[in-house]
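Below is one structure, written out as structure tokens, with a few remarks after it.
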């Protein structure tokens, strides 16, 4: 695990040409800042932005998808939207009869991490 910007720079140099950055963009300020950080310090490295649509993202006054797409466009990076093909967050809650808890983070694994990892495996890096 990397602990500093210098560690990341060393890894990028070590694996020259086979490194890409994938930013999980939720549509919020933190992921927007991370995208800016990567583009600032690694402007020549391939960078991908992905958003996991759980079916429960903000829709008004602007949707989280549109906000994220617009922020990615500011950096000339397309945004890929991924989804769990079997269910959305509201459907998960309805099927289970309860909300996810800190102990059972099914929402994170099934609706976010899983679809994003599947997308990452399609990349040529």
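For this structure, a couple of remarks:
- If you go through the stretch 11-28 and keep only what is on the phi < 0 side of the Ramachandran plot, free of Cβ contacts under 8 Å to residues at least 40 places away in the same chain and over 13 Å from the mean Cα position of the chain (by Cα), you end up with 11, 12, 13, 14, 15, 16.
- The set of residues in the stretch 83-109 that are assigned to a helix (DSSP H, G or I), touching a helix residue (DSSP H, G or I) at 6+ places or on another chain (Cβ under 7 Å) and in contact (Cβ under 8 Å) with a residue 24 or more places away in the chain comprises 89, 107.
- Residues of the stretch 110-125 that are touching a residue at least 12 places away in the same chain (Cβ under 8 Å), under 16 Å from the mean Cα position of the chain (by Cα) and in a loop (DSSP other than H, G, I, E, B): 123 alone.
Yes/no matrix, rows are residues, columns are (1) within 22 Å of residue 117 (Cα to Cα); (2) at pLDDT below 90:
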site	(1), (2)
6	no, no
10	no, no
13	no, no
20	yes, no
34	yes, no
38	yes, no
58	no, yes
64	yes, yes
82	yes, no
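- Selection from the stretch 70-79 of residues that are surrounded by fewer than 19 Cβ atoms within 10 Å (Cβ to Cβ) and not in a loop (DSSP other than H, G, I, E, B): 70, 73, 74
The values are calculated or read from the model by the stated rules, or taken from the named source; none is laboratory data. In this text the structure is predicted, and so the values were computed from the model without any measurement. Positions of Cβ are backbone-derived with ideal geometry, glycine not excepted, and every protein chain shown enters the neighbour counts.
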